[in-house]
Structures are given as structure tokens and as C-alpha cells.
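Chemist: Supplied in C-alpha cells, the structure appears directly below.
The values are calculated or read from the model by the stated rules, or taken from the named source; none is laboratory data. Please read these numbers as outputs of a predicted model, since none were measured by experiment. Please note: Cβ atoms are built from the backbone with ideal geometry, for glycine as well, and neighbour counts cover all protein chains shown.
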Amino acid sequence: MMTDLNKALNEFCLRIADNSLIHAQRISEWTGHGPILEEDIAMSNVALDLIGQARGFYTYAAQIEANGKTEDVYAFHRGEREFRNKLMVELPDNKDFGFTMMKLFLNGCFDYLMFRDLMKSTDETISGLAAKSIKEVTYHVRHAGDWVVRLGDGTQESHERVQNSLNELWPFTNELFEQDNIDTLLITNGIAFDKESFRSEWTKMVTEIFAKATLSIPENNTYFPTGGLKGVHTEHFGFLLAEMQYLPRMYPDAVW
Amino acid sequence: MDSNHQWPTWEVFTQKKQGAAHEHAGSVHAPDGEIALLNARDVYGRRQEGVNIWVVPSNAIIASSPEDAGSFFDPANDKMYRSPNFFKTADGLKQI
């Protein structure tokens with residue numbers, strides 16, 4: 001049996017890992033379909049970074065659970081209701097490059113601040129994983145931020161399209177900061193940190209880029225979708241899992 | 001974008017380690033220098049190739065033409081004494 005603290009730590013790791021894995025799965029859909037060769041490679045690189053982060057946190061989650069589970073069990077043998085990723089990352093990109101960059105930027109700024117805090121975690125594995133991840137995320141924020149600026153401050157069409165992406169994604173940003181009693185317990189133990197403490201910094205980060213991009217944050221938004229922490233997902237999520245999990249479920253003995 | 005709807009090309013130079021000379025790695029398409037730098041990083045820096053990258057607009061490079069080859073290079077053919085081949089160097093010396 002896991003202690004309450006270990007249970008919380010296990011759940012905490014799965015939340016981070018799920019978010020990175022599902023985000024990576026969406027981005028990897030661009031592989032072979034990027035707008036230019038360079039960007040195709042860039043997006044595959046980002047997806048691989050995120051998969052690497054997911055693997056690190058799944059492996060630690062498995063180590064805490066200590067019942068023989070592996071990273072693959074978490075990734076390929078759980079159903080929709082067991083995944084803890086935020087709704088934003090599972091939204092389909094519909095081959096809209098600006099949407100993908102906007103999503104990567106919004107989530108990336110959050111991940112950057114989260115990992116920056118987690119580098120100070122009293123749990124050495126968590127702080128180590130955070131120190132590795134933050135270098136990757138720093139690049140994701142720069143890459144995606146550069147494109148948000150260029151598309152926003154580009155042609156009339158690129159401006160309209162990336163503004164629409166922001167309008168569509170903005171309501172989902174609230175969920176990034178959601179936390180519950182799992183977080184509270186870890187915060188008390190110095191393992192995790194209060195996400196609200198960097199919310200204003202996050203807002204400043206994204207607002208600065210939007211000013212350069214001549215984009216405006218939608219006002220008077222009253223609906224903020226949520227559900228990831230409870231495993232309640234959008235209608236798109238089942239299809240994503242079906243594609244991602246098909247092979248290991250169909251051929252359970254398959255090996256690389 | 002130029003007339004054939006391609007972004008301009010940029011030549012990429014990567015440095016393997018500090019102090020080493022930058023070497024030509026290839027080229028990328030990009031609308032401006034910052035994106036060229038990121039594209040170069042993603043295409044030519046993803047396998048631990050180096051510690052530093054330069055990007056240069058391809059049209060900023062002035063190249064000699066094949067017709068120049070005779071007058072540029074052939075006169076050096078019979079002047080071996082210009083190469084430092086006849087000096088003895090210490091065994092441990094690599095970067096020379």
C-alpha cells in the first residue's frame with residue numbers, strides 16, 4: 001500500500017506526464033505534414049521533447065507505485081477516464097499551424113513557470129526532471145512565441161486566423177492553474193508549489209507577446225471548460241487514444 | 001518571399017566545440033534571421049552537432065565561379081613550400 005503522500009506524488013507525476021504525452025501526440029500528427037520541411041522537423045523535435053518528459057514522469061510514477069507497472073502501461077493501457085491531461089492539449093489542430101503554435105505557446109509558458117518552481121522541489125527526482133525539462137520548454141516558448149508574433153503581425157489572413165485560435169483556446173487556459181488536495185498535500189511537504197503564485201507572471205508573459213503580435217485577449221469570457229483532473233475529457237479525446245493505443249492493444253506482445 | 005513563393009535561403013554554419021572553426025552544415029528556408037536561427041537549430045543541431053550556430057543570408061555570400069578555378073587555384077600547385085608539411089610537431093598537438 002502506498003502512503004497518502006506517495007499516492008499524491010504518483011498522481012502528481014501522472015498529471016504532468018499525461019499532459020506532455022497527449023500534447024506530443026497532437027503535435028506529432030504534423031510529422032510529414034508540416035508547412036515547410038524545417039518546421040516539420042521542428043515540430044517532431046518538440047513532440048519528442050514532450051514524450052521524453054512524459055517518460056520521465058511515468059517512470060517515476062511507476063517507481064512510486066512499485067507494483068510492476070511500466071511507462072507503457074500508463075500510456076497505452078489506460079482508458080479516457082484515467083487520463084489527467086488538461087483539455088487544451090487534446091483539442092484537434094485541424095492542420096492549422098497557427099492554432100498549434102498558439103497552444104504550444106500558452107501551455108509552454110505555463111510549463112516553463114511550473115518547472116522553474118519544481119526545480120526547487122525537496123524531491124530530488126522531481127527537481128531533476130524539472131531541470132531537464134525546463135531547457136526544452138524554454139525553446140518551445142521561444143519557437144512558438146516567435147510564430148505567434150509573426151502570424152499575428154503578419155498578413156490580414158494570418159492575423160485573423162491566429163486571433164481566432166487565441167479566442168478558441170483562451171477559455172481553456174483557466175484549467176492550467178487548477179489544483180486540488182493532491183497539490184495541497186505536496187505543497188505542504190515542499191515537493192510542489194502553488195500554481196496561483198505564478199499566475200500573474202504567466203499573464204504578463206503571454207500579454208507581452210500578444211502586444212507584439214497585435215493580438216487581443218478575448219474579454220467577457222464567462223465559460224471556462226474543465227475536467228482533466230477528474231478524467232472528464234472532450235469528445236475528441238477517445239479518437240486520439242484509439243489511434244495512439246491501437247498497436248499495443250491489438251498486439252500486446254509487440255516489441256520494438 | 002521571392003517570385004517562386006519560397007522564403008529566402010540562409011546558409012548554416014555550426015561550431016562543434018568552443019574554439020573550433022564554424023563549418024558549413026547546409027541551408028534552410030526562413031522569412032527572417034531569428035526564424036532562420038531556430039530552423040537551423042532544429043535541422044542541424046538536433047544530434048549534438050555543436051555549441052554555436054551562425055546563419056547568413058545565402059545572397060550575402062560572394063562565391064568564386066568555376067571559370068575562376070584556373071587562375072585562382074592552379075598557380076598554387078607547384079608551391080609546396082607554402083605548406084607547413086616539413087615542420088615537426090608534438091604528438092599531442094591536434095588542432096593545427
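Chemist: Are there helices (runs of 4 or more DSSP H) fully within the range A:1-105 with at least 2 residues that are within 14 Å of another protein chain (Cβ to nearest Cβ)? List them.
Modeler: Details: elements: A:4-28, A:37-65, A:71-76, A:87-90.
Here the list reads A:37-65.
Chemist: Okay, next question. Only residues that are over 19 Å from A:Lys212 (Cα atoms), crowded, with 17+ Cβ neighbours inside 10 Å and touching a helix residue (DSSP H, G or I) at 6+ places or on another chain (Cβ under 8 Å): list them for the range A:160-174, please. Step through it out loud before you land on a result.
Modeler: Narrowing the range A:160-174 to residues over 19 Å from A:Lys212 (Cα atoms): A:168, A:171-174.
Still in the list and also crowded, with 17+ Cβ neighbours inside 10 Å: A:171-173.
Once the filter is applied, which keeps residues that are over 19 Å from A:Lys212 (Cα atoms), crowded, with 17+ Cβ neighbours inside 10 Å and touching a helix residue (DSSP H, G or I) at 6+ places or on another chain (Cβ under 8 Å), the range A:160-174 yields A:Phe172, A:Thr173.
Chemist: Only residues that are in a loop (DSSP other than H, G, I, E, B), surrounded by fewer than 16 Cβ atoms within 10 Å (Cβ to Cβ) and not hydroxyl-bearing (Ser, Thr, Tyr): list them for the range A:120-130, please. Steps first, answer last, please.
Modeler: Here is the first cut: in the range A:120-130, the ones in a loop (DSSP other than H, G, I, E, B) are A:120-123.
The next check asks that each one be surrounded by fewer than 16 Cβ atoms within 10 Å (Cβ to Cβ); those that pass are A:120, A:122.
The one that is in a loop (DSSP other than H, G, I, E, B), surrounded by fewer than 16 Cβ atoms within 10 Å (Cβ to Cβ) and not hydroxyl-bearing (Ser, Thr, Tyr): A:Lys120.
Chemist: Would it be correct to say that B:Pro57 is surrounded by 10 or more Cβ atoms within 10 Å (Cβ to Cβ) and either more than 13 Å from chain A (Cβ to nearest Cβ) or among the charged types (D, E, K, R) (or both)? Steps first, please.
Modeler: On the way: surrounded by 10 or more Cβ atoms within 10 Å (Cβ to Cβ): yes; either more than 13 Å from chain A (Cβ to nearest Cβ) or among the charged types (D, E, K, R) (or both): yes.
Against the criterion (surrounded by 10 or more Cβ atoms within 10 Å (Cβ to Cβ) and either more than 13 Å from chain A (Cβ to nearest Cβ) or among the charged types (D, E, K, R) (or both)), B:Pro57 qualifies.
Chemist: Can you go through A:Asn181, A:Asn189, A:Asn167 and tell me which one is under 19 Å from the mean Cα position of the chain (by Cα) and either modelled with pLDDT under 95 or not hydrophobic (A, V, I, L, M, F, W, C) (or both)?
Modeler: Numbers: A:Asn181 fails: under 19 Å from the mean Cα position of the chain (by Cα); A:Asn189 fails: under 19 Å from the mean Cα position of the chain (by Cα).
Result: A:Asn167 is the single residue among A:Asn181, A:Asn189, A:Asn167 that is under 19 Å from the mean Cα position of the chain (by Cα) and either modelled with pLDDT under 95 or not hydrophobic (A, V, I, L, M, F, W, C) (or both).
Chemist: Among (1) assigned to a helix (DSSP H, G or I); (2) within 29 Å of A:Leu48 (Cβ to Cβ); (3) small (Gly, Ala, Ser); (4) away from chain B (no Cβ under 14 Å), which single condition is A:Gly145 missing?
Modeler: For A:Gly145, the failing item is (4).
Chemist: Just for the range A:125-161: of the residues that are of a type in the set (Ser, Thr, Tyr) and closer than 30 Å to A:Ala62 by Cα, which one is farthest from the chain's Cα centre (by Cα)?
Modeler: Quick first cut of the range A:125-161, residues of a type in the set (Ser, Thr, Tyr) only: A:125, A:127, A:133, A:138-139, A:155, A:158.
If we keep only those that are closer than 30 Å to A:Ala62 by Cα too, we end up with A:125, A:127, A:133, A:138-139.
Working: A:Thr125: 20, A:Ser127: 18, A:Ser133: 12, A:Thr138: 14, A:Tyr139: 15 Å.
Here the residue is A:Thr125.
Chemist: Conditions first: (1) in a loop (DSSP other than H, G, I, E, B); (2) within 20 Å of A:Asp111 (Cβ to Cβ). A:Phe210 passes all but one, so which condition is the exception?
Modeler: (1)
Chemist: In addition: For the range A:69-92, which residues satisfy the criterion of being within 15 Å of the chain's Cα centre (by Cα) and either at pLDDT below 95 or among the polar types (S, T, N, Q) (or both)? Quick ask: steps written out before the conclusion?
Modeler: So the first thing to find is which residues in the range A:69-92 are within 15 Å of the chain's Cα centre (by Cα), and the list is A:75, A:83-92.
The one that is within 15 Å of the chain's Cα centre (by Cα) and either at pLDDT below 95 or among the polar types (S, T, N, Q) (or both): A:Asn85.
Chemist: What number of residues within the range A:130-142 are within 13 Å of chain B (Cβ to nearest Cβ) and closer than 10 Å to A:Cys109 by Cα? Full working, then the answer.
Modeler: Within the range A:130-142, the subset within 13 Å of chain B (Cβ to nearest Cβ) is A:135-136, A:138-142.
Now drop any that are not closer than 10 Å to A:Cys109 by Cα, which leaves A:138, A:140-142.
Qualifying residue count, the range A:130-142: 4.
Chemist: Cβ-Cβ distance below 6 Å, separation of 6 or more or different chains: which pairs start in the range A:31-56 with a residue that is closer than 29 Å to A:Asn10 by Cβ and end on one that is buried (at least 20 other Cβ atoms within 10 Å of the Cβ) and of a type in the set (S, T, N, Q)?
Modeler: Qualifying pairs under 6 Å: A:Leu50/A:Ser20; A:Gln53/A:Ser20; A:Gln53/A:Ser133; A:Ala54/A:Ser20.
Chemist: Got a number for residues in the range A:75-125 being over 20 Å from A:Ile191 (Cβ atoms) and of a type outside the set (Lys, Arg)? Please lay out each step first, then the result.
Modeler: Going residue by residue through the range A:75-125, those that are over 20 Å from A:Ile191 (Cβ atoms) are A:75-83, A:85-109.
Filter once more, so that each one left must be of a type outside the set (Lys, Arg): A:75-77, A:79-80, A:82-83, A:85, A:87-94, A:96-102, A:104-109.
Going through the range A:75-125 one residue at a time, the tally reaches 29.
Chemist: Select, from B:Ala69, B:Ala25, B:Ala40, the only residue that is at pLDDT below 90, surrounded by 10 or more Cβ atoms within 10 Å (Cβ to Cβ) and aliphatic (A, V, I, L, M). Spell out how you get there, then give the answer.
Modeler: On the way: B:Ala25 fails: at pLDDT below 90; B:Ala40 fails: at pLDDT below 90.
It is B:Ala69.
Chemist: For the range B:1-23: of the residues being farther than 30 Å from B:Lys94 by Cα and part of a loop (DSSP other than H, G, I, E, B), which is farthest from the other protein chains (Cβ to nearest Cβ)?
Modeler: Of the range B:1-23, the ones farther than 30 Å from B:Lys94 by Cα are B:1-10.
Filter once more, so that each one left must be part of a loop (DSSP other than H, G, I, E, B): B:1-8.
Values: B:Met1: 11, B:Asp2: 14, B:Ser3: 17, B:Asn4: 14, B:His5: 11, B:Gln6: 9, B:Trp7: 8, B:Pro8: 12 Å.
Filtering the range B:1-23 for residues that are farther than 30 Å from B:Lys94 by Cα and part of a loop (DSSP other than H, G, I, E, B), the one farthest from the other protein chains (Cβ to nearest Cβ) comes out as B:Ser3.
Chemist: Output yes when any residue across the range B:24-42 is among the hydroxyl-bearing types (Ser, Thr, Tyr) and away from chain A (no Cβ under 14 Å), and no when none is.
Modeler: In the first step, residues of the range B:24-42 are kept if they are among the hydroxyl-bearing types (Ser, Thr, Tyr); the result is B:27.
Still in the list and also away from chain A (no Cβ under 14 Å): none.
Within the range B:24-42, none of the residues are among the hydroxyl-bearing types (Ser, Thr, Tyr) and away from chain A (no Cβ under 14 Å).
Chemist: Oh, and also: Looking only at the range A:133-159, count every residue that is over 15 Å from A:Lys212 (Cα atoms) and in contact with a Gly (Cβ under 7 Å, 6 or more places away or on another chain) and tell me the total.
Modeler: Residues flagged as over 15 Å from A:Lys212 (Cα atoms) and in contact with a Gly (Cβ under 7 Å, 6 or more places away or on another chain) within the range A:133-159 amount to 2.
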